[in-house]
Amino acid sequence: MTPTPIRFYQVGSFAVGNRLLEEELRTVQSDPRRANSLDRGHRACQGCGEALGARYALDAAVRATGGDLVAINATGCLEVFSTPFPESSWRVPWLHSLFGNTPAVASGVAAALRVKGRSNVRVVAQAGDGGTVDIGFGALSGMFERNDDVLFICYDNEAYMNTGVQRSGATPPAARTATTEAVGPEPGNPFGQGKDLPRIALAHGIGYVATATVADLHDLEAKVIKAMARHGARYLHVLVPCPLGWGSQSRDTIRLARLAAESGLFPVFEAEDGIVTSVRKIRHKVPVEDYLVLQRRFAHLFKPERRDEVIAHLQALADENITRYGLVAPEEVEV
Amino acid sequence: MQPPYAITLDVGSSRANKTGAWRVERPVYVDRLPPCNDACPAGENIQRWLYHAEAGDYEAAWRQLVDDNPLPAIMGRICYHPCESACNRAELDEAVGINAVERFLGDHAIARGWRFDPPPAETGRRVLVVGSGPSGLSAAYHLRRRGHAVTLVDQAEELGGMMRYGIPAYRLPRDVLDDEIERILALGVEVVTGRRIDDLAAEKEAGAYDAVYLAVGAQIGRRTEIPAGDSARILDALSLLHQVAAGDPPLLGRRVAVYGGGNTAMDAARTLRRLGATDAVVVYRRTPKEMPAHADELADALHEGVQARWLTTVKSFEGGRLVLEKVRLEGRDVVPTGEFEELPADALVLALGQDSDLSLVEKAAGVAVEHGAVSVDDAMETGAMGIFAGGDVVPGERTATVAVGHAKHAARAIDAFLRGETLAPPPRHPLATFDRLNTWYYTDADRQRRPELETARRRSTFDEVVGPLREDNALFEARRCLSCGNCFECDNCYGVCPDNAVDKLDLAASAAAGRHYAFDYDYCKGCGICVAECPCGAIDLVPEVI
Ligand SMILES: Cc1ncc(C[n+]2csc(CCOP(=O)(O)OP(=O)(O)O)c2C)c(N)n1
Ligand code: SF4
Ligand SMILES: [Mg+2]
């Protein structure tokens, strides 16, 4: 009989914690003394993925830096729901300036800390997808180019949610937004547009680029912690479902992030020094339809009649990701 | 404090904003009834003892287990484990090997010499238990733990009933049986063996017992009229098994037919192979599908070289020749075809069912017997006040595990009776169904299998066929449990709340209350993510009442 490896913990590698797991193998979030960087009482919608992603990421960054950290925040939901002055949910030093200048402010803070000899204090910048891929893009590209010592985190909910769900450069094709209505022969956001910021960041040749979702906490925390161990410009792109903008059930936020990754629509990978060093393999592959049907922003693909060709187009995009990043273990690739 | 430049107000905390007011549904922690527990005839809290075993705390697991069933090493061998048939994990890959882990715990307890806690106090009440099979022994155990004095009477020379005289040693080694019986007796049970009680009511009276538990089982093999010559060797399966168990196996020859399709028929046929029969042929009038024998038993029998004739009845037995008739099925009905065949045979073993010898209650006023079984109410009490019955003598499925369950139930009722109370049935939680689980979180893990004795050695010895799990794969197997409907502290609810509205309580302090997390309803917005992401379905979302 072959000996059975005993390191099996029932849910160890997927759940937040686990009483059977050694403390150091549990997530930061399972720690009763976690920082709770984003405290209760914030005004995000029920089931907000962005609120969740921000706490996940910043708590991990606090753990990694021993709390020597300052967060720079772009305008957007994360800023508005957390800090209606004078109340704030932030329990870390936090700075907000404008919608478009977050990378520049973060670069400035990092430079100031260096000048003051306080380079032990680390800088994390955070913004929504609009603040990152659209209006903040020029400043971000400069921050990358100068290799400023900032971890920039984009919480991607795939539209301008704070102002009422307008399309951004990260909105997926076919999705309905306030500015891409589900009307006409090609309803929703057109195919062939938009920006793939993780790959753009990679093209800048910066030291660390990674993607993550709120559905895989172990993976997300490991990436934040790894990023904080490095210096220079780093970029983390986190998929954060938005029940309001996506027209989904508030309880399905994590489920949707999981389906986005499991379908291949959102590739989860990590690149160091310009090279993709690891990908998170799909565990149980699902068709994109499983992901789409749960969201009202894609309802026009199913009602009044099914738009099979559009669904197939989205499936093709997922399959492209699967091939590009090798998201499925070789023996599971369908021929 | 003077605010710094350009700041006009102190920074306040968002905790001033009680977002709980937005909520229309609230999450609540619940305990659901796991399907294994629901299916266990002995009423074991399987999920709970697995929970302790998962942590490697085998003693806590064993103690939780024996709260309901004092015979884990035995049941871990002979139980037909309906728990595994009900197990939710079967829908994922394969059921958890509950029976194998139970046996591991039972063997582990024997090896470590773990003993039962003595009763907290003696009540001075006396209970007569008649029959020392799984039901009688379990009743004695549960009654002793409640402090009642127990006298255990059996007509056989040794205790154990069918576990000693019916179940072959290759399924239940006798040292295991002896060890688990001894541990019960060590609680202080007065044992009388080799004594047959003829009149139960008179015995109760004469012995001044406060209550009686009747568990004499079903020990008489059912016979059927088969025309047979004088020389034909016909005996019933129970006698065969009894004689083998008593160390005095009958000489039946090399070609033996077994008539019947139940577990006893399988036991008899497999025993015959071990006694040297080259041809052990089971004759059954229906097909394997209708067979009352457990599928595993049939598979093992066939594996050991037992042969089978389906859709066949025995017509006569003369001069070393068995005349068989082919039959066909019309629904459940067996219809003769008039087509005959012969089977050379040295002996015929009848395994056609068993009856209880209930002559001891003939004179007991109030004890009703219907279709050969003693009638009892929900509390296992007969029509005669203070006389309870269980196991194979009452109607229902006849298995050792059912018998153990009857005993637990009856002991509770007897205890209530002796205290002059009425038994309130414990509340039943709704079932933890598969659709409530979020199986994403469970690690893939193959079921661990127990080793089996090679076939050659099964033909010549009564050595145990099914071996044990080792400690490492027993632990692994325990951890395959999904903990259906009961929190196992995975921290998901604490982690996944976007509002940080779940508190993780101090483990030591909260262990007593059995809760490790608490919702902060001042801030919980009722989004339901914790409900959706709870792996085991231990959180409900219920509407707020306004
Ligand atoms: C220069 C400027 N233009 C427009 C706005 C209005 N505005 C505030 S937040 C926002 C959209 C934010 O979208 P995103 O960055 O994706 O963050 P989200 O709210 O989706 O998290 C806009 C358009 C602004 N504050 N400043
Ligand atoms: S609109 Fe979307 S991102 Fe903004 S608070 Fe609501 S759920 Fe969160
Ligand atoms: Mg956005």
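Taken together, the values in this text are just the output of simple stated rules run on the coordinates, not laboratory data. The structure displayed is predicted, hence computed values, not measured ones. Because the Cβ atoms are built from the backbone with ideal geometry, glycine has one as well, and the counts that use them run over all protein chains shown.
List of remarks:
- Which listed pairs, of B:K289/B:K408; A:K116/A:K223; B:K289/B:K363, have C-alpha distances above 31 Å, in listed order: B:K289/B:K408; B:K289/B:K363
- Judged by the gyration tensor of its Cα atoms, with axes a ≥ b ≥ c, the stretch A:238-325 is oblate; a/c meets the 1.5 cut and b/c is at least as large as a/b.
- Of the GluC sites (Glu not before Pro) found in the stretch B:170-274, those that fall in a DSSP loop while having at most 11 other beta-carbon atoms within 10 Å are B:E225.
- B:V394 long-range amide H proximity, modeled H, under 5 Å: B:V374
- The dipole here belongs to the stretch B:250-351: it is taken about the Cα centre, uses +1 on the Cβ of Lys and Arg and -1 on the Cβ of Asp and Glu, and is about 60 debye.
- Each principal axis of the Cα atoms in the protein assembly as shown has its own extent, and those three values, largest first, are 111, 64, 49 angstrom.
- Placing R0 at 56 angstrom, the Cβ-Cβ distance between B:L505 and A:S141 gives a FRET efficiency of 0.75 after rounding to 0.05.
- Paramagnetic reach from B:D248 (point 7 Å along Cα→Cβ, amide N under 16 Å) across the stretch B:161-190: B:165-166
- Neighbour count of at most 10 Cβ within 10 Å plus DSSP loop: longest GluC sites (Glu not before Pro)-free window in chain A: A:23-304
- The stretch A:152-210-the stretch A:288-304 distance, computed between alpha-carbon centres (Å): 18
- Stokes-Einstein D in µm²/s, Kirkwood radius over Cα pairs - the stretch B:106-194 at 37 °C with 0.692 mPa s viscosity: 244
- Inter-label distance for B:R195 and A:A312, nm, one decimal - labels placed 7 Å from Cα along Cα-to-Cβ: 8.6
- Efficiency of FRET between B:V11 and B:S231 - r from beta-carbon atoms, R0 60 angstrom, step 0.05: 0.05
- Residues with amide H under 5 Å from that of A:A125, placed H, sequence gap 5 or more: A:I72, A:L151, A:F152, A:I153
- Between the beta carbons of B:A111 and B:A368, assuming R0 = 60 Å, the FRET efficiency works out to 0.85 to the nearest 0.05.
- Cysteines, chain B, no other Cys beta-carbon under 4.7 Å: B:C40, B:C79, B:C87, B:C481, B:C484, B:C487, B:C490, B:C497, B:C524, B:C527, B:C534, B:C536
- Spin-label model, A:V183/B:D378: points 7 Å from Cα along the beta carbon direction are separated by 6.5 nm.
- Working note: Karplus 6.51/-1.76/1.60 with θ = phi - 60° gives the stretch B:267-279 the couplings 4, 5, 5, 5, 5, 4, 4, 6, 7, x, 5, 7, 10 Hz, where Gly and Pro are set to x.
- Here is how the number arises for chain A: DSSP H runs of 4 or more residues each give -39500 (n - 2.57), the sum is divided by the residue count, and the result at 222 nm is -9000 deg cm²/dmol.
- The stretch B:87-185: trypsin sites (Lys or Arg not before Pro) falling in loop per DSSP and having at most 12 other Cβ within 10 Å: B:R115
- Note on the stretch B:250-351: antiparallel DSSP beta bridges, both residues inside, total approximately 55 percent of the bridges counted.
- Antiparallel bridges, percent of DSSP beta bridges restricted to chain B (to nearest 5): 50
- Per DSSP, loop GluC sites (Glu not before Pro) in the stretch B:442-537 with at most 14 further Cβ within 10 Å: B:E454
- Every Cα-Cα pair of the stretch B:445-546 was included, and the share exceeding 17 Å stands at 67 percent.
- When Rg and the Kirkwood radius Rh are both evaluated on Cα atoms of the stretch A:31-325, their ratio Rg/Rh stands at 0.96.
- Each residue, B:E341 and A:E24, gets one label point 7 Å from its Cα in the Cβ direction; the gap between the two is 7.0 nm.
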